[in-house]
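Asker: My structure is below; once you've seen it, I'll send some questions.
Any read-out appearing in this document is the output of simple, stated calculations on the displayed coordinates, not a laboratory observation. Model, not experiment: these values are computed from the prediction. Neighbour counts run over all protein chains shown; Cβ positions are idealised from the backbone, glycine included.
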Amino acid sequence: MSDFNAMLEPGQLVRNAREPDWGLGQVQSNINGKLTVNFENAGKVVLIGSEVDLIPEFSSG
């Protein structure tokens, strides 16, 4: 998986590469490798950073 996850901070927007149906997610916290992300279609999910591929989403505005 990506070292990118270790750099995620609250407020950043991401997508889960393995679960595209979850939609856009906003990082809520990143503590000791555990990420809490609030996804549009899946709600609040706790993920292990070393086990998930999150893709950054950058707004075009």
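Asker: About the Cα centre of the chain, what is the dipole size in debye to 20, counting +1 per Lys and Arg Cβ and -1 per Asp and Glu Cβ, all else neutral?
Answerer: That gives a dipole near 140 debye.
Asker: How big is D for the stretch 3-56, in µm² s⁻¹ as a whole number, if Stokes-Einstein is applied with the Kirkwood radius of its Cα pairs at 4 °C and 1.567 mPa s?
Answerer: Numbers: Rh = 10.6 Å.
Rounded to a whole number, D works out at 123 µm²/s.
Asker: Here's a follow-up. Taking only C-alpha pairs under 8 Å that are 6+ residues apart, what is the relative contact order of the chain in percent?
Answerer: Numbers: 121 pairs, mean separation 22.2, N = 61.
So the answer I get is 36 percent.
Asker: Residue by residue through the stretch 11-17, what is 3J(HN,Hα) from phi via Karplus (6.51 cos²θ - 1.76 cosθ + 1.60, θ = phi - 60°)? Round to whole Hz and write x for glycine and proline.
Answerer: x, 6, 9, 9, 10, 8, 4
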